[in-house]
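Here's the structure we're looking at; comments come further down.
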Amino acid sequence: MRTLHIDLETFSSVSIKSGLYRYVQSPDFEILLFAYSYDYEPVRIVDIACGERIPESVIDDLNNPSVKKAAHNAAFEIYCLSQFYATQICQWHCTMVHSLYCGFPASLDAVGKAMGFTEDKRKMGIGKSLIRYFCMPCAPSRTNGGRTRNLPAHDPEKWNLFKEYCCRDVVTEMEIDKRLASHPFPESEHRNWVLDQLINQTGVALDTDIINGALTIMDRVNDELTEKAKEITGLDNPNSVSQLKEWVQRNSDIEIESLNKATVSEILADKDGKELVKEALRIRRELGKTSVKKYETMRSCLCADGRIRGLLQFYGANRTGRFAGRLVQVQNLPRNYIENLDTARDLVKRTQTEAIRCVYGSVSDTLSQLIRTAFIPGPGNRFIVADFSAIEARVLAWLAGEQWRLDIFRTTGKIYEASASTMFGVPVERIAKGNPEYALRSKGKVAELALGYQGSAGALINMGALGMGLTEEELPDIVNRWRKSSPRIVDFWRQAEQYALAAVKLGVSNTMPCGVTFHRDEDYLLIRLPSGRDLFYYRPEIRVNDLGREAIHFFGTDQKTGKWRLISTYGGKLTENIVQAVARDLLCNAMMNLFYAGYRINFHVHDEVILEVPEESGKNLEEAIRLMCTLPAWAEGLPLNAAGFESHYYMKD
């Protein structure tokens, strides 16, 4: 099979921040440059903006199944080209997804740096300024003759440089393919990626009435709060960080470096703090509430048919392969606690600000809780929403062979009660509402949420143990009791670390009873999952960690800083990677089952799928759950379960 590597440069008056699909659907969208190469030959470029045409043979190959098409972030090339030419997603290969699969960053520039490409193989640094010049509208001015767009003729020298830049991207893509050739992207993952592209292209309908109502209310509330802030502070612009910071210092005698979230929370928690300063900072926090700004994102990303697309990023998390959210960030939506959502939604649609304040108190909080409900099925359809129950806990118990946990998951499913019962030696039937032993359930719950991946007292605190009424003094005892009650899981952490160390040090391959295999090659520590998929740890080595112990270090993207650096890992973290990766594989299996059964997947959030089904189709929640829980052959014996609901808008049930 021949391989055709492609890179495009395009123009649209819509910002790419509004998402690929809204960007491409702009009436003035056009392809400017088409760079390509067959089978790693020298790159050719077609200057479409200056009248050149893509060769007919290349156009034919865009829909030729015997020619593999490749691009970095191929979703962009696929959708752009599909506006003018026939092409099939299944014929494409994405070097970005392949890079992520093998543990590298997402961007073309970052991959080149991480792989150590020579300068002639790396993405050119000048690209951003050239894209701003040719690919976006420009502001009319006297010096540019009042034009709103820069064309090649306006700066031929820059244009030639832009063509060189486009060609270089293809060179970098091809170099990535060569480097990763020894670890091909699995066919099973390619099928998952194709389904992901179909889900992103399908998108989900938005309730524009609630979006417009929320935005109108937000404007009113922001105006009210800004005026109130002006009255309190006497500032012309209380939204100015520098002005407000200076005012806070002047009126509270507090030396502060910034007005970030942590600093504001600290001042508000000070019992001796001045109430006037606190009120000004409460207003600032309300004005800066990011959750309600999701309504603005929804409106800016809305396509002409009333749907939003491109909400998910395939392989958004390195190694585990879990999905990430894009645009509205559906993986990070506020929960809803309002009992009567219908009433609240109606008040927002009718922009009844005072009624909302009277009934629910905080207007901003109400709008925040209603964000989920802006996602709706299209006309004549309803949602079926279903998600796996305690998926990570079930997978961990199955992998480790912790039998009493598996028995609970196969029967009552009440893992918090069962965990507390095992930890404290209390009959599980006593841990029920109305009994004094019910207080132990909270300890069982926080232990289950925090300790499965070798966490200790700090993990309990991060999971909210202190807010649940537990004291720091009793946390070590909870940790010890949980570990004693789950010896197989503790053994799993230790064995994972031992096998990983042996693989890195000695090149030894070891397989756990659950079928997880640790091995290495010249470049990677690899963990083979029961599904056959590998987790990659690039350039592993043994170093002494912060605790003075030998530990595996590898190069990867730091989750907090986003930088490429040396990262340390240990048994509990490896276990977390394995469990989350297996849970992700089960989600992909569930979505494939649903897709082939004719269900239309609008999007998914963590372990939950949102299905859009015709009202009279006969498809129902019970069937959807059965399909979700139909196990692949490699997961035999895993006690999977799911629950859900049907609705005419999305919510957290």
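Side notes on the structure shown:
- Those aspartates and glutamates that a straight Cα-Cα span of less than 19 Å connects to Lys271, excepting residues fewer than 8 apart in one chain: Asp253, Glu255, Glu279
- In this structure, Leu161 and Lys652 have a Cβ-Cβ separation that, at R0 = 45 Å, corresponds to a calculated FRET efficiency of about 0.35.
- Taking the inverse of the mean 1/r over every pair of distinct Cα atoms in the range 183-259 gives a Kirkwood hydrodynamic radius of 17.4 Å.
- Zone of Thr3's modelled label, taken as backbone nitrogen in the range 310-337 under 19 Å from a point 7 Å along Cα→Cβ: none
- Part-to-part distance (alpha-carbon centres) for the range 20-72 and the range 389-438, which is given in Å: 56
- Summarising the label geometry, the points placed 7 Å from Cα in the beta-carbon direction at Glu615 and Ser26 lie 3.8 nm from one another.
- Residue-level accessible surface for Glu52, protein heavy atoms, 1.4 Å, Å²: 90
- According to the calculation over all Cα-Cα pairs in the range 378-473, the P(r) per 5 Å bin from zero is 2, 12, 19, 21, 18, 12, 6, 4, 4, 2, 1, 0 %.
- Calculated mean residue ellipticity, 222 nm, the chain: -13500 deg cm²/dmol, from DSSP H runs (n ≥ 4) at -39500 (n - 2.57) each, averaged per residue and rounded to 500.
- Ratio Rg/Rh [Cα only; Rh per Kirkwood] for the range 416-560: 1.08
- Separation of alpha-carbon centers, the range 282-360 and the range 494-547, rounded to whole Å: 40
- Accessible-area order (highest first, 1.4 angstrom probe) of the listed residues Thr511, Thr202: Thr511, Thr202
- Shown in residue order for the range 217-232 are the 3J(HN,Hα) couplings computed by the Karplus curve 6.51 cos²θ - 1.76 cosθ + 1.60 at θ = phi - 60°: 5, 4, 4, 4, 5, 5, 4, 4, 5, 5, 5, 5, 5, 5, 5, 5 Hz (x for Gly and Pro).
- Estimated D of the range 456-502 in µm² per second, where Rh is the Kirkwood radius over Cα pairs and Stokes-Einstein applies at 25 °C, 0.890 mPa s: 205
- Using the Cβ-Cβ distance between Glu522 and Leu547 with R0 set to 25 Å, the FRET efficiency from 1/(1 + (r/R0)^6) comes to roughly 0.30.
- Inverting the pair-averaged 1/r between distinct Cα atoms of the range 1-109 gives 14.6 Å as its Kirkwood hydrodynamic radius.
- Working from label points 7 Å from Cα in the Cα-to-Cβ sense, the Ala153 to Ser509 distance is 6.4 nm.
- Per residue convex hull volume, Cα atoms of the chain, in Å³: 208
- Both the radius of gyration and Dmax for the range 290-354 are 15.2, 49 Å, in that order, over alpha-carbon atoms.
- Lys563 accessible area, 1.4 Å probe, all protein chains in place, Å² to nearest 10: 140
- Using C-alpha pairs below 8 Å separated by at least 6 residues, the relative contact order for the chain is 14 percent.
- Taking Arg122, Arg309 and ordering them by how much accessible surface each has at a 1.4 Å probe, largest first, produces Arg122, Arg309.
- For Asn641, distant residues with modelled amide H under 5 Å away: Ser389
- Interchain or long-range residues, amide H under 5 Å from Ala70's placed H: Leu4, His5, Ile6, His93
- Counting only residues at least eight positions apart within a chain, or on another chain, the lysines with an alpha carbon under 17 Å from that of Lys484 are Lys443, Lys445.
- Taking θ as phi - 60° and the Karplus parameters 6.51, -1.76 and 1.60, the scalar couplings of the range 628-636 work out to 4, 8, 6, 6, x, 4, 6, 10, 4 Hz in sequence order, x denoting glycine and proline.
- Solution diffusion estimate, µm²/s, Stokes-Einstein, the range 96-249, Kirkwood Rh from C-alpha pairs, 37 °C, viscosity 0.692 mPa s: 154
- Per-residue Karplus couplings for the range 190-207, computed as 6.51 cos²θ - 1.76 cosθ + 1.60 with θ equal to phi - 60°, are listed in order as 5, 5, 4, 5, 4, 4, 4, 5, 5, 5, 5, 6, 5, x, 9, 6, 10, 7 Hz, Gly and Pro entered as x.
- Violating pairs (Cα-Cα greater than 19 angstrom) within the set Lys245/Lys278; Lys619/Lys652; Lys261/Lys560; Lys261/Lys563: Lys619/Lys652; Lys261/Lys563
- Gain upon complete extension [Ala262, Met592; 0.36 nm per residue less C-alpha separation]: 114.5 nm
- Quotient of the Cα radius of gyration of the range 495-653 and 2.2 N^0.38 Å, N being its number of residues: 1.31.
- Once backbone amide H atoms are built at 1.01 Å from N, Asn336 has Lys652 as its partners under 5 Å, excluding neighbours fewer than 5 places away on the same chain.
- Square roots of 5 times each gyration tensor eigenvalue, C-alpha, the range 31-94, largest first, Å: 17, 14, 12
- Estimated translational D of the range 274-400 in µm²/s (Stokes, Kirkwood radius over Cα pairs; 4 °C; 1.567 mPa s): 73
- 17 Å cut-off, amide nitrogen to a point 7 angstrom out along Asp60 Cα→Cβ, residues in the range 23-38: 38
- Förster radius 35 Å - calculated FRET efficiency between Cys90 and Ser300 (Cβ-Cβ, nearest 0.05): 0.70
- Between Gln83 and Thr630, the simple spin-label model (points 7 angstrom out along Cα→Cβ) gives 3.9 nm.
The values are calculated or read from the model by the stated rules, or taken from the named source; none is laboratory data. In this text, all values refer to a predicted model and were calculated from it rather than measured experimentally. Note that we place each Cβ from the backbone using ideal geometry, even for glycine, and neighbour counts take in every protein chain shown. Just so you know, the surface numbers come from the protein's heavy atoms only, side chains and all, with ligands and any DNA or RNA stripped out. Shrake-Rupley method; radii C 1.70, N 1.55, O 1.52, S 1.80 Å.
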